[in-house]
Ligand code: F3S
C-alpha cells in the first residue's frame, strides 16, 4: 500500500525545503515502505546517537554530509553519550585519534542544531515527553522508559534514521506508534517480597530473556517503585532481550487503570520467586572473577539522587590503593552535584565522574581484569565488549569492595 503524504511531506520530498530534508524524507520513506506504514506521525522530540563507537566513519560522514547540506533539527533533539568523556578524555588516557573522530561528530551535531545533553537519560535532562506523545528515540533504555514509564510512543529508532526524523520532524506510523501493537501478550508475576534497586536490574535481565520481543505485563511491583528503579528494569530488559515496552499493573500509565491485555489471555505466564531472582543475580557474575580492581556504575546514567546516595555511602572513606571507581552521568547532573557539595564528597573519596560518556560504547583505557557494577545492562555487555570478568552487586557492595 502506498504511503499517504500530506502537502508538507510532499514538498519536503520534492526538495522545496532544501536538500537535507529531501534526503531525510527519502530515507524515512524507505522505512515506511519496509514496515508497511500508511502514513507519518509528527514527533515532539528525537533522541539520536552520535557516538563514534557505534557510528564509525560511515556514521560520521553521514552526519557531516547532512550538516554540510544545511540540515537542521526541527524538533528538540538530544543524543546518547559520547564514546569518550568529552571533558577529560586526555587525562583518563583515551586515544587522541579516536577522540578526534568523536569531536568531529560533536561538531556535526552542533551544526545540525541538536541539544548537547550526551546522555541516555534524556528524561533526566529536560527532554520529557507527555503521555501519548509520539517521539523518535534511539537508545534502547530510553525507548523503554518513554514507552513504559511515561506512556509516550516510540520504536527503537535506528541511529542513522533518528537524525532524519529530527530534520523531517516525523516518523512512519508503524509498530509501537499504533494502539493495537501496544497490547501485552505475556504475564510475569513477581512474588519476591520487598525489592531492592539491584532486584529491578535482575528482574529486567530475566524479563528480556523471557519476553524477547514480546510485550510483557508484570504484577507484584509496588507503585512506590522509583523512576531510577524502573529505568534499570527497562534498560536491563532491553539489553538481555528486545523489550521496548513493558506494563506494570497498577503502576505504569497504560496498565494503571486499564487491562494491558485488552481482554485477551496471556500467551504465557510465569511467576518468579526470591529464589529465582537470587539465581539470576548470581549468574550475572562471570565464572572466574579475580580481585575487584575497578567499579563502574551509571548505566543508564546516574541521576542526582543516585549521586547523593553514593556520596552518603563513601563519605569519610577512600579508595584502596590501585582501585578505581567511575560514575557515568550527564554534564547537567554533575554540575548539579557540584552546586550541592555532592561532587566534593565523591572526589574526596577518589571517585571519578565521567560525564557524557558510556563504557559500553567506548574503548576501555585500562588493563584491569575484574570490574564490578550495580547495573544489569553493564553486566550484560561489558564482559563481551571489553573481555573482562565482572562481579554484579548492589551499590553498597560496590563501595565496600574498593574502599577502606
Ligand atoms: Fe547508557 Fe551506555 Fe548504559 S548508553 S544505558 S550507559 S550502555
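Assign one of three labels to the chain, namely rounded, prolate or oblate, based on the Cα gyration tensor with a ≥ b ≥ c the square roots of its eigenvalues; rounded applies when a/c is under 1.5, prolate when it is not and a/b is larger than b/c, and oblate otherwise. Kindly include the intermediate steps, with their values, before the conclusion.
Working: a/c = 2.05, a/b = 1.21, b/c = 1.69.
Since a/c reaches 1.5 but b/c is at least a/b, the shape of the chain is classed as oblate.
Among 189-197, 323-331, 297-305, how do they line up by average Cβ neighbours within 10 Å per residue, starting with the highest? Walk me through the intermediate numbers first.
Details: 189-197: 15.8, 323-331: 21.8, 297-305: 24.2.
For the peptides 189-197, 323-331, 297-305, the packing ranking is 297-305, 323-331, 189-197.
Which residue fluctuates most in the GNM of the chain (Cα springs below 10 Å): 155, 264, 357?
Result: 264 has the largest fluctuation of those listed.
Would you mind ranking 261, 256, 131 so that the residue whose beta carbon has the fewest other beta carbons within 10 Å leads the list? Don't skip to the answer; put the middle values down first.
Values: 261 19, 256 14, 131 10.
Listed from fewest to most nearby Cβ atoms, that is 131, 256, 261.
Under the classification rounded if a/c is under 1.5, otherwise prolate if a/b is larger than b/c and oblate if not, where does the range 147-306 fall, given a ≥ b ≥ c as square roots of the Cα gyration tensor eigenvalues?
Details: a/c = 1.84, a/b = 1.22, b/c = 1.51.
Because a/c hits 1.5 or more and a/b fails to exceed b/c, the range 147-306 counts as oblate.
Taking the Cα centroid of the range 1-43 and of the range 160-221, what is the distance between the two, rounded to the nearest whole Å?
28 Å
What is the distance in Å between the Cα centres of the range 302-362 and the range 367-381?
With the range 302-362 and the range 367-381 each reduced to a Cα centre, they are spaced 17 Å.
Relative contact order (percent) for the chain, with alpha-carbon contacts under 8 angstrom and 6 or more residues of separation?
Relative contact order for the chain comes out at 17 percent.
Which log10 I(q)/I(0) values, to two decimals, does the range 324-404 give at q = 0.27 Å⁻¹ under the Debye formula with one point per Cα?
Here the Debye-derived log intensity ratios amount to -1.42.
As a check on your grasp of the helix formula, calculate [θ] at 222 nm for the chain: sum -39500 (n - 2.57) over DSSP H runs of n ≥ 4, divide by the residue count, round to the nearest 500.
Per the formula, -12000 deg cm²/dmol.
Using the count of nearby Cβ atoms within 10 Å as a rough guide to exposure, how do 74, 120, 164 rank from fewest to most?
Ranking 74, 120, 164 by Cβ neighbours within 10 Å, fewest first, gives 74, 164, 120.
Counting only C-alpha contacts under 8 Å and six or more residues apart, can you give the relative contact order of the range 8-101 as a whole percent?
27 percent
Take the Cβ-Cβ distance between residue 44 and residue 209 as r, set R0 to 35 Å, and report the resulting FRET efficiency rounded to the nearest 0.05.
0.60
Rounded, prolate or oblate: which fits the range 7-179, taking a ≥ b ≥ c as square roots of the Cα gyration tensor eigenvalues, rounded meaning a/c under 1.5, else prolate when a/b beats b/c? Walk me through the numbers on the way to the answer.
Details: a/c = 2.14, a/b = 1.33, b/c = 1.61.
Judged from the Cα gyration tensor, the range 7-179 comes out oblate (a/c at least 1.5, b/c at or above a/b).
Who wins for biggest fluctuation among 121, 213, 202 in a Gaussian network model of the chain, springs between alpha carbons below 10 Å?
213
Give the relative contact order (percent, whole number) for the range 163-286; include only Cα pairs under 8 Å separated by 6+ residues.
33 percent
Just so you know, all these numbers are worked out from the coordinates, no wet-lab data involved. As the structure is a computational prediction, the values presented were derived from the model and not from experiment. For neighbour counting, all protein chains shown are included, and Cβ atoms are generated from backbone atoms with ideal geometry for every residue, glycine included.
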